[in-house]
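The values are calculated or read from the model by the stated rules, or taken from the named source; none is laboratory data. The model shown is predicted, which means the values in this text are computed figures rather than measured ones. Because the Cβ atoms are built from the backbone with ideal geometry, glycine has one as well, and the counts that use them run over all protein chains shown. Calculation scope for accessible area: heavy atoms of the full protein, side chains included, ligands and nucleic acids excluded. Shrake-Rupley method; radii C 1.70, N 1.55, O 1.52, S 1.80 Å.
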Amino acid sequence: MNEVRELLDRAAEGAGQPSFSARAVYAKAARIRRRRRAAASAAVLAVVAAGAFALPRTGGDEGPAPASVASAGPSPSPSAADRAGRLAALLPPDVGEIEEVALLALIKGATPEQARTTRLGPLDGQYAFRRDGGVGYLVLSLEDREAVVKKTGRPADPDEDLCVRVGQEPSRTDCEREALPDGRALTTWRDTMDVGGDDSVGWGPELAGRLVQPDGSQFLVRSSTGFEGTGTQGPLLPEPPLSRAQLKALLTGPEVLPKG
């Protein structure tokens, strides 16, 4: 099972009946995105980009770039801009403009209550990255040991090698695993998102990752080039918004860990 693909399942918890199936978000991904890319409307991007959270500039004598939060899906909570700002401060300015969004609201029209997620980590969330006319997404989620056991029947195991294919599980391409000195294990891989289905959303390629901690908890992350179809905010990015090195630095830094 690709644990990263269950990030939206967690967002759908509490949504009631399965009319907001998170799994359906990933359907019909591959074959429609390239022909839609050329026809994507710049007007759509202009609407959603207005007022988006701008990354602060670094270096030189210039002050920080303006910061605000655009409206995408449910109105952001008072802490949404703060989370986007803290994430932006950890990344180089060339990653683009960042705002926190709710993917279930964008794609499935979920209400704010249905799109609400459980956040264990201070930066857990779903973020839009706007750069060079395209829109990609970063999804970050901490699952504690209890949540992992509930989902998989056992805690996350740092010794498990996710780069080894098991049974019919889809293979992970360009997969890299690193055992960290403190007992954690970080695995990152590429996913083409070439999946079939009958939904109206097509996801672009992405980088995905899992950081397993010795206590059986895990961080899951997606760095997606974006999606096309229902709820799209703009064309796909040519590359995932965060590189493999940036994902690693983010996941292994203290900023993503709960306080105390």
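Positive end of the dipole of segment 184-260 (Cβ unit charges, origin at the Cα centre): among LEU207, SER224, GLY253, the Cα lying farthest that way belongs to GLY253.
Highest mean first, the peptides 238-248, 214-224 sorted by other C-beta atoms within 10 Å per residue fall in the order 214-224, 238-248. Taking Cα centre as origin and charging only the Cβ of basic (Lys, Arg, +1) and acidic (Asp, Glu, -1) residues, the dipole magnitude of segment 118-248 rounds to 240 debye.
Measuring only protein heavy atoms, the 1.4 Å probe finds CYS163 accessible over about 50 Å².
Extension gain for LYS151-SER243 works out to 30.3 nm (0.36 nm per residue, less the C-alpha to C-alpha distance).
Descending by average beta-carbon neighbour count within 10 Å, the peptides 104-110, 182-188 line up as 104-110, 182-188, the highest first.
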